[in-house]
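Notes follow once the structure below has been shown.
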Amino acid sequence: MSNAPPASEGEWRPLRSPYARLVTDPIRTTQALLDPERVLFLSPSTRAILDLCDGSRTTHEIISSLKKQHPNAPIERDVPPALASLHAKGALAYSPLAPVAVVTEQERDGARGDDLRPPLAMTAELTFRCPLRCGYCSNPTDLGAFADELSVEDWLKVLDEAADAGVLQCSFSGGEPLLFDGLEQLIARARARGMYTNLITSAHGLTEERLDALVRAGIEHVQISVQHADPRRADALSGVSAQRSLHEHKLWAARAVVARSVALSINVVLHRETIESVGALIDLAESVGAVRLELASVQSHGWALANRAALLPTRAQGEAASRVAKAAKARIGAKMRVVYVVPDYYADRPKPCMDGWGRKFITVAPDGRVLPCPGAHALPMRFDRVLEGATIEELWRTSEPFNAFRGTAWMPEPCASCDERDRDFGGCRCQAFALTGSANNTDPTCSKSPHHAVVTSAREEAERAAPLIQLRRYHRDRG
């Protein structure tokens, strides 16, 4: 007979998130919980707690069950905060009955400093073809250099190599990945190899039939981009002329994803034209049932760099948006994860771009180039290609480009002696190259950088009247 007190109708009964999947990672020989674009590595005790979170047990009943298995462990002390933390991280289904816990630090799984571990996630950029003409696009301006796309058969081999290397998250992106014939085959292979499957899409051209096919293939998470909260302005920013509003189609697609019990994220690129509508964008994401909202400040790469004067928000805009996002996080809690990315140009220290060059993430470009991040195609480096002899695991560990800025040994001053070097890893190499002409320089967004004046000048420029955003132009047939 259980010693737990009688359950009340108002008691929380923890349930593992329907969008999370428990896996045994054979490469790292550990347990992991996979959910949209995130990996949580689990201790044996946390795994034991999760195994009991089936929605039928109260916290007291979970404690009682674990005490029988581990009579000498401090179960009553450790389980309640563990459950609260798992709920705050989204590992458990949202419940207003759950205790509040604040996750103060980003999960930092993987390597620290110069320690190298297997890659955690891969972005598979299937194509740079795209029906949209967004002026903030960070994809290459020279699309002709990526004209030779990998075949379905090539990508199947890439996915196998990625799984063998230890990749646990696979995001199918572009361009517009829905334009790639064979997408469903790739999703099915990634899922069969144990990877969590994410689709990063504009939803342009998505139909009921195509969505059903993607679900049958095994898609677990769909991220849909939204250009603005206002339909008219959203359609104008996308540059798409259509009889039906693309924005309204996106909202239909978002609800259709949720209706199929697939995790939904909304992604918004924040720039001068959108940043003042953060509150409305948060309301929009809540209204369609998103579990995650990414408010990502524009990155000045690719076409977006050419439009920087029109896109960079003012400091006042950024600070106001940050306050709105912070208040929304407090109000919404674990019901929807709100990710707000502060504009690089207004931070005193650089962000750890991709959590450090070559530490966790791999990007495979449409032509097979293996990159440490999606923007690295702009750097004057020769990146190896998949299926040219070396496997993804070999390229991850030994290729010259991946090791060029990995860890801290490469750093110049002031990074080399900075006590934050193991947290920001020198910032963004692509940004350093774009703004200073050398990827070896300190990220100029850092106030310690000798090139910081480039950023302060851009801030001053942002305070003046902005020019019109120039929609992206394509210089070759997009097919």
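Assorted remarks:
- Per-residue SASA remark: residue 420, around 40 Å² accessible (1.4 Å probe; ligands, DNA and RNA not included).
- Considering only beta bridges that DSSP places wholly inside the chain, some 30 percent are antiparallel.
- In the chain, the DSSP-assigned H stretches of four residues or longer account for a calculated mean residue ellipticity at 222 nm of -9500 deg cm²/dmol, using -39500 (n - 2.57) per stretch and the full residue count as denominator.
- Surface accessible to a 1.4 Å probe, residue 189 within the full protein complex, Å²: 80 Å²
- For segment 22-33, backbone phi angles converted through the Karplus equation (6.51, -1.76, 1.60; θ = phi - 60°) give residue-by-residue couplings of 7, 9, 9, 8, x, 6, 8, 6, 8, 9, 9, 10 Hz, Gly and Pro being listed as x.
- Under the convention that each Lys and Arg Cβ holds +1 and each Asp and Glu Cβ holds -1, the size of the dipole of the chain around its Cα centre is about 760 debye.
- Under 5 Å from the amide H of residue 297 lie the amide H atoms of 270, 341, each residue being 5 or more positions distant or on a separate chain, with H modelled from the backbone and absent for Pro and chain starts.
- Whole-angstrom gap from segment 416-479 to segment 75-96, using each part's C-alpha centre: 39 Å
- For segment 373-453, accessible area per residue (1.4 Å probe, heavy atoms of protein chains only), Å²: 44 Å²
- Counting only Cβ charges, +1 for Lys and Arg and -1 for Asp and Glu, the dipole size of segment 1-101 around its Cα centre is about 200 debye.
- The C-alpha atoms of the chain define a longest principal axis, and helix 208-217 lies at about 60 degrees to it.
- Over segment 176-292, Cα pairs under 8 Å with separation of 6+ residues give a relative contact order of 25 percent.
- Solvent-accessible area per residue, Å², over segment 44-91 with all protein chains present [probe radius 1.4 Å]: 50 Å²
- Listed values for segment 432-438 are Karplus-derived 3J(HN,Hα) couplings in whole Hz (6.51 cos²θ - 1.76 cosθ + 1.60, θ = phi - 60°), namely 4, 5, 5, 9, 10, x, 9, and x replaces Gly and Pro.
- Estimated from the Cβ-Cβ distance and a Förster radius of 22 angstrom, the FRET efficiency linking residue 339 and residue 400 is about 0.10.
- Positive end of the dipole of the chain (Cβ unit charges, origin at the Cα centre): among 26, 449, 155, the Cα lying farthest that way belongs to 449.
- Ranking 200, 304, 264 by how far each Cα lies toward the positive end of the dipole of the chain (charges on Cβ) leaves 264 at the top.
- Cα shape, segment 358-473, gyration tensor, a/c 1.5 rule: oblate
- Long-range HN-HN contacts of residue 223 with modeled amide H, under 5 Å: 199, 200, 201, 265
- Carbon/sulfur fraction of accessible area - the chain, other protein chains in place, 1.4 Å, %: 50 percent
- The chain: relative contact order in percent, alpha carbon pairs under 8 Å with at least 6 residues between: 16 percent
- Spatially close Lys pairs in the chain, defined by Cα atoms under 16 Å apart and a spacing of eight or more places or different chains, total 5.
- Remark: segment 333-345, residue by residue, has Karplus-estimated 3J(HN,Hα) of x, 7, 5, 8, 6, 9, 10, 10, 9, 5, x, 3, 5 Hz, where x stands for each Gly or Pro and the curve is 6.51 cos²θ - 1.76 cosθ + 1.60 at θ = phi - 60°.
- Ranking 232, 117 from most to least accessible surface, computed with a 1.4 Å probe over the protein chains only, gives 232, 117.
The values are calculated or read from the model by the stated rules, or taken from the named source; none is laboratory data. Computed from a predicted model, the values in this text were never measured in an experiment. So basically every Cβ, Gly included, is an ideal-geometry build from the backbone, and we count neighbours across all protein chains shown. Just the protein is used for accessible areas: all its heavy atoms, side chains included, with ligands, DNA and RNA removed. Shrake-Rupley method; radii C 1.70, N 1.55, O 1.52, S 1.80 Å.
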